[in-house]
C-alpha cells in the first residue's frame, strides 16, 4: 500500500488507488472506483462506484463524486462543489439505468459550491467560478460563472484571465505562455514546433 488513508476513511474492496495519494478524515471510496497517483482526497469526500479520478487531482472537503464522473489529470474540485448523475431525479423512481456521465478534462478547476448538472463536458483548463451552476458543456480554457453559468472570458493554464488583443493573442501574466483565440477556441502557442 503506497497511499495514505486516515484511520476514519472507508475504502471498499475492488478499489484502485495510485502511489502517493492521500485520503483524509471520514471519506468513503466505493468499490470499482479508480484514483490515480498523487491525489489529495479531502475530508468527508465520497467517491462512488465506477468513478475514475486521474493523477494529481485535488478534491477538497465535502465533495461527492458520483457514478458517471470522470476527472482527468490535474483537476481541482473546490470545497462543497456538487456533481449530479441523474437529470430528473425522483425519490420514488429508480433511475440508476439513466445515469449520465460528466467528464472533467485535464487541468480544469471547479470552484467552491459550484454545481455541475450531469451529462456535460468541462473542457481542458476551464475555470468554473465559485457558486456557478453549469447546465451545458464548457469550452477548453473558458471562464464561466453565475446561475446559470455563462462564459465571461478565458483563462490560462496557470489560472489567470487572458486578455486577447486585436490579433487574437494573449499572454499569461504569471507564466508568460502565449495563447491564440481563433473561431471561439483558445489554444496555447507552443514555440519551436
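Read-outs throughout are calculated quantities, based only on the coordinates presented, and are distinct from any laboratory measurement. On a predicted model such as this, the values are computed, not experimentally measured, just so you know. Backbone-built Cβ (ideal geometry, glycine too); neighbour counts: all protein chains shown.
Inverting the mean 1/r over all pairs of different Cα atoms, compute the Kirkwood radius of region 38-99 and quote it in Å. Averaging 1/r across every pair of different Cα atoms and inverting gives 12.4 Å.
In region 78-193, what % of DSSP beta bridges are antiparallel (nearest 5)? So the antiparallel bridges in region 78-193 amount to around 60 percent. Extension gain, residue 22-residue 88: 0.36 nm per intervening residue step, less the Cα-Cα distance, totals 20.4 nm. One quarter of the surface of the convex hull around the alpha-carbon atoms of region 45-139 equals 5.4 nm², the direction-averaged projected area.
Label separation (residue 130 vs residue 31): 3.9 nm, computed from points 7 Å beyond Cα along the C-beta direction.
The value obtained for region 93-193, namely the Cα convex hull volume divided by the number of residues, is 123 Å³ per residue. Computed on the Cα trace of region 141-193, the radius of gyration divided by the Kirkwood hydrodynamic radius gives Rg/Rh = 1.00. Taking the centroid of alpha carbons for each part, region 1-42 and region 98-170 are 27 Å apart.
Work out, step by step, the length gained on full extension between residue 169 and residue 2: first 0.36 nm times the residue separation, then minus their alpha carbon distance; give nm to one decimal. Roughly 55.7 nm would be gained on extension. Over the Cα atoms of region 70-114, what is the Rg over Rh ratio if Rh follows Kirkwood? Across region 70-114, the Cα-based Rg/Rh ratio is 1.07. Starting from a Cα-only point model with no solvent, please compute log10 I(q)/I(0) by Debye for the chain at q = 0.09, 0.13 1/Å. One equal scatterer on each Cα of the chain leads to -0.35, -0.70. You can think of it this way: the chain between residue 15 and residue 147 has 44.0 nm of extra reach, that is 0.36 nm per residue less the Cα-Cα gap.
By the count of other C-beta atoms within 10 Å, a proxy for reagent exposure, 155, 81 are ordered fewest to most as 155, 81.
Based on C-alpha pairs under 8 angstrom that are at least 6 apart in sequence, the chain has a relative contact order of 10 percent.
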